[in-house]
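Peer 1: This structure is in structure tokens; I'll ask about it shortly.
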Amino acid sequence: MSADVRLGYIGLGNQGAPMAKRLVEWPGGLVVFDVRTESMAPLAELGATLADGVADVAAADVISVTVLTDAQVRDVVAELADHARPGTVVAIHSTIEPDTAAELAEQLRPKGIHIVDAPVSGGAGAAAKGELAVMVGADDEAYERVKPVFKQWASMVVRAGEPGAGTRMKLARNMLTFIGFAAACEAQKLAAAAGIDLQKLGRVVRHSDAQSGGPGAIMVRDDTSPLASDHFLYDMFVHTRGLAEKDLRLALGLGEAAGVDLPLAEIALRDLADGLGVPHERS
């Protein structure tokens, strides 16, 4: 990418501000805007140019958008589209509706404006260190233009597919996070009823997840169909299935004794074998 490419950033909240800060030394310069004037001041101190509104940011070549809602994204993109030149790339980092990016990309294609959906994972701390993961939905030309920009704040840049694919990947990733949180709440409920110190349990969980990789450790397959017996994962996942079902039954027994309902554990016992691709033989 040419060094004279100018960057824009709209939305300087908890996620957007640290991402934008890593762009202030971009050779072509950075222009920023947020409806809260106080959010722009730290970027100005670092050398960014402050815009008076969304329309002023439209002069940039690659524009990042990190606002809160799908409606806000649509409003910002509509205003940018009224002022942006052909060839401009608008990258949406907000988590939006699954069809929004594809719809916007189709609408703006006749104007030569590229829409990229590029939601991120890792939080503000990872953004500040340049260690986010970004899931990119983009056409070929737009992806090549945004990749060096994204690498300023992301240590993992994954192209999920065409516009819209980044959002679909992010929704699957976040679903796992929040189901995991619900499972953690259920585990704490069982532990509390069994007289276990929840702070100590939390320390053990964080330590062991750092070693084992947590749920991501099993996400190494190309599809979700049952594994053939000669697949390299088959024996490992049969072993995992056996350990999991034994421990889940023991936990459910403890829950019954303690008078605690464990619906997520029951679902896990019912569905894990199929999910791993090593279902039990059914008569």
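The values are calculated or read from the model by the stated rules, or taken from the named source; none is laboratory data. Given the structure is predicted, the values throughout are model-derived calculations rather than measurements. Cβ placement follows ideal geometry from the backbone for every residue including glycine, while neighbour counts extend to all protein chains displayed. Heavy atoms of the whole protein, side chains included, go into the accessibility calculation; ligands, DNA and RNA do not. Shrake-Rupley method; radii C 1.70, N 1.55, O 1.52, S 1.80 Å.
Peer 1: Can you pull the percent of the chain's accessible area that's carbon plus sulfur, 1.4 Å probe, other chains left in place?
Peer 2: 55
Peer 1: Does the range 18-80 come out rounded, prolate or oblate, given a ≥ b ≥ c as the square roots of the eigenvalues of its C-alpha gyration tensor, rounded meaning a/c under 1.5 and, failing that, prolate meaning a/b above b/c?
Peer 2: On the way: a/c = 1.79, a/b = 1.47, b/c = 1.22.
Prolate is the answer for the range 18-80, as a/c is 1.5 or above and a/b outweighs b/c.
Peer 1: Determine the shape class of the range 127-193: with a ≥ b ≥ c the square roots of the Cα gyration tensor eigenvalues, call it rounded for a/c under 1.5, and otherwise prolate if a/b is greater than b/c, oblate otherwise.
Peer 2: It is oblate, given that a/c is not under 1.5 and a/b is not larger than b/c.
Peer 1: With a ≥ b ≥ c the root eigenvalues of the C-alpha gyration tensor of the range 64-202, is it rounded (a/c under 1.5), prolate (a/b larger than b/c) or oblate?
Peer 2: prolate
Peer 1: Leaving out ligands and nucleic acids, and using a 1.4 Å probe, what accessible area per residue does the chain come to in Å²?
Peer 2: 54
Peer 1: Okay, next question. Is there a pair in Lys170/Lys246; Lys189/Lys246; Lys111/Lys151; Lys147/Lys170; Lys129/Lys200 whose C-alpha atoms are over 24 Å apart, and which pairs would that be?
Peer 2: In this structure, Lys170/Lys246; Lys111/Lys151; Lys129/Lys200 exceed 24 Å between Cα atoms.
Peer 1: Which one of Gly112, Gln211, Val77 is farthest out on the positive end of the charge dipole of the chain, using unit charges on Cβ (Lys, Arg +1; Asp, Glu -1) and the Cα centre as origin?
Peer 2: The residue sitting most towards the positive pole is Gln211.
Peer 1: When every alpha-carbon pair in the range 1-157 is counted, what percent end up more than 27 Å apart?
Peer 2: Working: 1334 of 12246 pairs.
For the range 1-157, the share of Cα pairs beyond 27 Å comes to 11 percent.
Peer 1: Still on this structure, please answer the following. Just to be sure I understand the model, the point goes 7 Å from the Cα along the line to the Cβ. What's the resulting Val158 to Leu176 distance in nm?
Peer 2: According to this spin-label approximation, the distance is 0.7 nm.
Peer 1: On a C-alpha basis, how far is the centre of the range 138-180 from the centre of the range 218-283 in Å? Whole number, if you could?
Peer 2: Between the Cα centre of the range 138-180 and that of the range 218-283, the gap is 30 Å.
Peer 1: As a test of reading the structure, rank Arg159, Arg168 by solvent-accessible area (1.4 Å probe, protein chains only), most first.
Peer 2: The most accessible residue leads, giving Arg168, Arg159.
Peer 1: Then there is this: Relative contact order for the chain: what is it in percent, counting Cα pairs under 8 Å that are at least 6 residues apart?
Peer 2: 12
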